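What follows is calculated from the coordinates using simple rules that are stated; it is not laboratory data. These figures come from a predicted structure and were not determined experimentally. Virtual Cβ from ideal backbone geometry, glycine too; neighbours counted across all protein chains shown.
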Ligand code: DGL
């Protein structure tokens with residue numbers, strides 16, 4: 001049981017930003033990553049479709065014998081994790097925009113949240129926002145088109161710079177001092193975002209928190225892998241393996257990336 005893999009899924013390649021944090025914190029755990037790129041972006045889909053796709057991905061990860069599932073997608077977490085937890089008898093870890101730390105630390109009382117339409121319109125996001133951010137201004141921006149560009153390998157393209165600038169400029173004018181990245185694809189945009197934002201704006205993403213939560217739940221459930229060797233990592237995509245390989249190329253791990261129909 002203990003050396004069974006941690007299953008991770010996302011609507012595409014973006015959740016590898018979460019995988020990287022998990023494999024850093026838990027280097028001896030084995031992982032299986034599913035990039036559901038064929039159906040990306042989830043952000044535009046209905047809640048029902050997102051639930052259906054999340055069930056499909058979970059079924060695949062269970063078939064491969066995963067001991068825990070990390071939903072490395074804000075859109076899938078905010079729309080589907082409740083249903084997943086009600087169906088399956090294994091632990092699920094989710095990811096949500098990190099509004100809480102931003103709300104606690106903001107001095108200008110203005111926080112920007114960049115996320116998908118599916119996340120920003122979800123009940124879970126509005127609950128979290130009401131709970132932690134009721135005395136500050138939360139400026140929500142839908143990152144329309146960003147996931148599509150990342151999914152087609154255009155992270156550093158001119159189109160990306162132009163699109164991102166159109167989302168970020170209004171936030172700068174409104175004097176935010178925290179920018180919350182509410183989509184697991186967006187950490188790959190941090191180098192560009194840093195050039196667009198002054199040092200006074202702190203960028204927050206949830207990757208590290210998800211990795212810590214994964215470790216904590218594995219520990220509580222007594223599922224941590226006691227083996228001391230380095231874990232193995234397998235990546236599957238139902239679209240283009242080259243895009244996934246490319247986004248992973250900076251990781252030091254030996255990569256095992258292939259295409260799979262799911
Ligand atoms: N990585 C997904 C998220 O965290 C992207 C959503 C999408 O596919 O639109 O929300």
Only helices counted: for the chain, with every DSSP H run of 4 or more residues adding -39500 (n - 2.57) and the sum spread over all residues, [θ] at 222 nm is -13000 deg cm²/dmol
Going from the fewest other Cβ atoms within 10 Å to the most, one would list 66, 183 as 66, 183
Put in order of increasing Cβ neighbours within 10 Å, starting from the fewest, 162, 116, 214 give 162, 214, 116
Relative contact order of the chain (C-alpha contacts under 8 Å, at least 6 apart) in percent is 28 percent
Rounded to the nearest Å, the spacing of the alpha-carbon centers of segment 146-160 and segment 168-210 is 17 Å
Helix 74-87 sits off the longest principal axis of the Cα atoms of the chain, rounded to the nearest 10 on a 0 to 90 degree scale, by 40 degrees
Checked segment 86-176 with the C-alpha gyration tensor, a ≥ b ≥ c its square-rooted eigenvalues, rounded below a/c of 1.5, otherwise prolate if a/b is larger than b/c and oblate if not; verdict oblate
Expected sort for 154, 45, 249 with the fewest Cβ neighbours (10 Å cutoff) up front is 249, 154, 45
The extension gain from residue 158 to residue 254, computed as 0.36 nm times the residue separation minus the Cα-Cα distance, is 31.4 nm
In the chain the DSSP beta bridges are antiparallel at a rate, in percent to nearest 5, of 0 percent
For the chain, the Cα gyration tensor yields equivalent-ellipsoid semi-axes (√(5λ), largest first, whole Å) of 29, 20, 18
Looks like segment 169-262, by Cα gyration tensor root eigenvalues a ≥ b ≥ c and the a/c under 1.5 rounded cutoff (else prolate when a/b is bigger than b/c, oblate otherwise), is oblate
